[in-house]
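Inspection log for the structure reproduced underneath, given as structure tokens.
The values are calculated or read from the model by the stated rules, or taken from the named source; none is laboratory data. Worth saying up front: this structure is predicted, and the values here are computed from it rather than measured. Reconstructed Cβ throughout: ideal geometry from the backbone, glycine too, with neighbour counts over all protein chains shown. Just the protein is used for accessible areas: all its heavy atoms, side chains included, with ligands, DNA and RNA removed. Shrake-Rupley method; radii C 1.70, N 1.55, O 1.52, S 1.80 Å.
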Amino acid sequence: MIDLMKKTLLTGIGFACMTREKIEQFAKTLAEQSDVSEKEGEKMVDELLQKHDEAKEGLDKRVKGIVSSIMEKMNLATKADISRLEKLIKESETKAGEK
């Protein structure tokens, strides 16, 4: 039963969006209701927090990928494009000042 509840909690975006405090509260409540030892409860909290961090990191990567893809499709200038153009402008200004 506990494993099923942990697996259910760990799925989806909702878990990645939960705060660490909420996860700790959930794990403590779950540990109290299932009469596990303090050590087992602490282990559960640690596992849930680790899974939370992994889920959040995965979500961040996916969102960044989607945003990058959208920006590329919109044909927007990137920071690198702007930096390259600024460099070209400075070089042009330098050459124009030398003449």
**Asked** What distance in nm separates the simple spin-label points at K39 and T19, each placed 7 Å from Cα in the Cβ direction?
**Response** 3.2 nm
**Request:** Give me the aspartates and glutamates in straight-line cross-link reach of K87: C-alpha distance below 20 Å, same-chain residues under 8 apart excluded.
**Result:** E98
**Message:** Using each residue's phi in segment 61-71, evaluate 6.51 cos²θ - 1.76 cosθ + 1.60 at θ = phi - 60° and report the 3J(HN,Hα) Karplus result to the nearest Hz, with x for Gly and Pro.
**Reply:** 4, 5, 5, 4, x, 5, 4, 4, 4, 5, 4
**Request:** Could you list, in their original order, any pairs among K28/K56; K22/K61; K22/K56 whose Cα atoms are separated by more than 18 Å?
**Result:** K28/K56; K22/K61
**Message:** Could you report segment 21-99's accessible area per residue, 1.4 Å probe, as an integer in Å²?
**Reply:** 85 Å²
**Prompt:** Across segment 41-54, in residue order, what do the Karplus-derived ³J(HN,Hα) couplings come to in whole Hz, using 6.51 cos²θ - 1.76 cosθ + 1.60 with θ = phi - 60° and x for Gly and Pro?
**Reply:** x, 5, 4, 4, 4, 4, 4, 5, 5, 5, 5, 4, 4, 5
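If you roll a 1.4 angstrom probe over the protein chains with everything in place, what fraction of the accessible area of segment 54-99 belongs to carbon and sulfur, to the nearest %?
Details: 2560 of 4380 Å².
It is 58 percent, rounded to a whole number.
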